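Novice: Can you read through this structure? Questions will come right after.
The values are calculated or read from the model by the stated rules, or taken from the named source; none is laboratory data. Just so we're clear, the structure is a prediction, and the values are computed from it rather than from any experiment. Note: ideal-geometry Cβ built from the backbone for every residue, glycine included; neighbour counts use all protein chains shown. Remember, those area values only see protein heavy atoms, side chains included, never the ligands or the DNA or RNA. Shrake-Rupley method; radii C 1.70, N 1.55, O 1.52, S 1.80 Å.
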Amino acid sequence: MPSQDTLTIRDNRTDKDYEIEIVDGAIRALDLRKVKVAEDDFGLMSYDPAFTNTASCRSEITMIDGERGILRHRGYPIEQLATQSSYLEVAYLLIYGHLPNEKQLAEWEENITLHTMLHENTKKFMEGFHHDAHPMGVLVSTVAALSTFYPDAKDIHNEESRKLQTYRLIAKMPTIAAYAYRHRRGLPYVYPDNGLSYTGNLMSMLFKMQRDKFVANPVLEKALDILFILHADHEQNCSANAMRSIGSSHADPYVATAGAAAALYGPLHGGANEAVLKMLREIGSKKNVPKFIKDVKEGKGRLMGFGHRVYKNYDPRAKIIRDTAEQVFEVTGRNPLIDLAMEVERIALEDDYFVKRKLYPNVDFYSGIIYEAMGFHSRAFTVLFAIPRTSGWIAQWQEMLTEEGQRIARPRQVYLGSEPRNYVPLGKRG
Ligand code: ACO
């Protein structure tokens, strides 16, 4: 009788049985290698191009139960963090694994505040971008360029160095993002104001005009902080996977973060919030929703902001954003797109196509609407995602690096190409 925590595999090609250990609900893909048809056979592999059922790591940072719509960071439910914590505290929690005490939080906030400035040369470098450069393209390139300003960041196995790069990255992302945004608008850059909160300072760098001091509306400042908490981490998504994969080659954290941000830029990932607004504007009014849904079902485009690889239920972050939107609208006035979005949600969730496929609103469905009401241009949306996600990327990177036996990420392939053949000189190819 095989032991209970094992999987028995029968290879019908050879009539042989294999017993494979199950640990924490998973088998090790490498154990499949012993399944062979002959001694010189490479052994069995699993084929999973989009990692739909492959755990690429063991992690203690974030837990998602997609079937039940649950999200927890280090064990704390996202609903409690969103209502009781702050973004910088959540960033600390993600990276260090525990909530800070008062002294730790004060030091953490102070260290991040101290690193908000960019080297003046960064500004010159950014000047080179075309006048209408998308802020995400500028952000990706500028974060990568920080690698050249901080060569000490290559000392990735040094805990103190990692700490310093962590402060710098979390502190400088808002400054880069704001400069990228103002570059596109042709406005002069605004230096960080270290007397302001993390989100208050970002709003100042984005919106300050000819005033001595920019004072953010406290409701909007708080709403942005909540949005940042909701975007801080989401376990092994496309960009976190990019961060881990690049970091696994021991590249420095700036270029790894640039790679993660590039992954986030795509419309199937963090670029979806920008795409949602475009889609809602194309739908135009409630009366056009049924026709739009019909087109989606016929394969003419996707309902952006809907569906998720992991959530097969309502994304808990989308719920919190919908509630936060109401508080924002009390200050800014109602963004009419919210009513259109709610109508799209209502009709989609009554439709068999979406019900059967378990397609619900994800975090991006409502985030663009609230950002727009707060005065952010749609081109800034993904940048507003990248800023808070930086703490999640760093937490994932650090966990990967400090794992025992860490190795470079290097998937296998199923080769289906040509058999060996001889090179034909150009003149003889016919
Ligand atoms: N609209 C219409 N149909 C959809 C949608 C959608 N938004 N999402 C999935 N489907 C359908 C697919 O066509 C497929 O149908 P089929 O089985 O008949 O072929 C089925 O649902 C499963 O879809 P997959 O593409 O296999 O799902 P996957 O897990 O690979 O993709 C993804 C997840 C990329 C998020 C997808 O749902 C999507 O494209 N959504 C729209 C973009 C979006 O909102 N992205 C943001 C995600 S959240 C984030 O990254 C922050």
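Novice: Could you please report the charge total around ASN313, scoring K, R as +1 and D, E as -1 over all other residues with beta-carbon less than 10 angstrom from its beta-carbon?
Specialist: Net local charge, ASN313 excluded: 0.
Novice: Could you check the simple spin-label distance between TYR18 and GLU159, using points 7 Å along Cα→Cβ, in nm with one decimal?
Specialist: Spacing of the two 7 Å Cα→Cβ label points: 4.0 nm.
Novice: Please determine, in degrees from 0 to 90 and to the nearest 10, the orientation of helix 87-96 with respect to the longest principal axis defined by the Cα atoms of the chain, where the helix direction is its Cα long axis.
Specialist: Relative to the chain, helix 87-96 is tipped by roughly 30 degrees.
Novice: Which angle from 0 to 90°, rounded to the nearest 10, does the C-alpha axis of helix 316-332 make with the longest principal axis of the chain?
Specialist: 10 degrees
Novice: What list of ³J(HN,Hα) couplings, whole Hz, do you get for the range 292-302 from phi and the Karplus terms 6.51, -1.76, 1.60, once you set θ to phi - 60° and write x for glycine and proline?
Specialist: 5, 4, 4, 4, 4, 5, 7, x, 8, x, 10
Novice: With the crude spin-label approximation of a point 7 Å out along Cα→Cβ, what separation in nm comes out for ARG185 versus MET209?
Specialist: 1.0 nm
Novice: Just to check, using Stokes-Einstein with a Kirkwood Rh over alpha carbon pairs, what's the diffusion coefficient of the range 174-300 at 20 °C and 1.002 mPa s in µm²/s?
Specialist: It comes out at roughly 121 µm²/s.
Novice: Just flag the GluC sites (Glu not before Pro) in the range 261-308 sitting in loop per DSSP whose Cβ has no more than 14 other Cβ atoms within 10 Å.
Specialist: Qualifying residues, ordered by number: GLU298.
Novice: Another question about this same structure. Which order do the peptides 254-261, 193-200 come out in when sorted by mean C-beta neighbours inside 10 angstrom, highest first?
Specialist: Going from most to least packed, we get 254-261, 193-200.
Novice: Could I ask something else about it? Give me the 1.4 Å probe accessible area per residue for the chain, excluding ligands and nucleic acids, in Å².
Specialist: Per-residue accessible area for the chain comes out at 52 Å².
Novice: Accessible area of the range 200-250 with a 1.4 Å probe: how many percent of it is carbon plus sulfur?
Specialist: 56 percent
Novice: Something else: Out of residues 5 or more away from ASN362 or on other chains, whose amide H comes under 5 Å of its own, with H placed 1.01 Å from N in the peptide plane?
Specialist: Answer set, sorted by chain and number: PHE306, GLY307.
Novice: Could you grab the Rg to Rh ratio for the chain? Cα atoms only, Kirkwood for Rh.
Specialist: For the chain, the value is 1.01.
Novice: So which trypsin sites (Lys or Arg not before Pro) in the range 144-198 are both in a DSSP loop and have at most 11 other Cβ atoms within 10 Å of their Cβ?
Specialist: Sites meeting the loop and neighbour criteria: none at all.
Novice: Find how much the distance from ARG346 to MET117 grows on full extension, using 0.36 nm per residue of separation minus their present alpha carbon separation; answer in nm with one decimal.
Specialist: 77.9 nm
Novice: Multiplying the sequence separation of ARG429 and VAL355 by 0.36 nm and subtracting their Cα-Cα distance, what value in nm do you get?
Specialist: Computed gain between ARG429 and VAL355 is 21.2 nm.
Novice: Also: Specify the angular offset, from 0 to 90 degrees and rounded to the nearest 10, of the alpha carbon long axis of helix 253-265 from the longest principal axis of the alpha carbons in the chain.
Specialist: With rounding to tens, the tilt is 90 degrees.
Novice: May I pose another question? Return the sequence-ordered ³J(HN,Hα) values of the range 194-208 in whole Hz as given by the Karplus equation 6.51 cos²θ - 1.76 cosθ + 1.60 applied to θ = phi - 60°, using x for Gly and Pro.
Specialist: Calculated HN-Hα couplings, in order: 6, x, 9, 5, 4, 7, x, 5, 4, 4, 5, 5, 7, 10, 4 Hz.
Novice: Using helices alone, I'd like the mean residue ellipticity at 222 nm for the chain: each DSSP H run of four-plus residues gives -39500 (n - 2.57), total over residue count, nearest 500.
Specialist: Dividing the helical sum by the residues of the chain leaves -15500 deg cm²/dmol.
Novice: Further question: To two decimal places, what compactness ratio does the range 272-373 give when its Cα radius of gyration is scaled by 2.2 N^0.38 Å?
Specialist: Here the answer is 1.01, to two decimals.
Novice: Moving on. Exactly which chymotrypsin sites (Phe, Trp or Tyr not before Pro) in the range 1-110 are in a DSSP loop and have at most 10 other Cβ atoms within 10 Å?
Specialist: Hits after loop and neighbour filter: PHE42, TYR47.
Novice: Name the long-range amide H neighbours of LYS16: under 5 Å, sequence gap of 5 or more, or other chain; modelled H, no Pro or chain starts.
Specialist: ASP11
Novice: Hey, another quick one. Return the carbon/sulfur percentage of the accessible area of the range 260-399, one whole number, probe 1.4 Å, all protein chains in place.
Specialist: 52 percent
Novice: Shape call for the range 330-394 from the C-alpha gyration tensor, a ≥ b ≥ c root eigenvalues: rounded (a/c under 1.5), prolate (a/b greater than b/c) or oblate?
Specialist: It is oblate, given that a/c is not under 1.5 and a/b is not larger than b/c.
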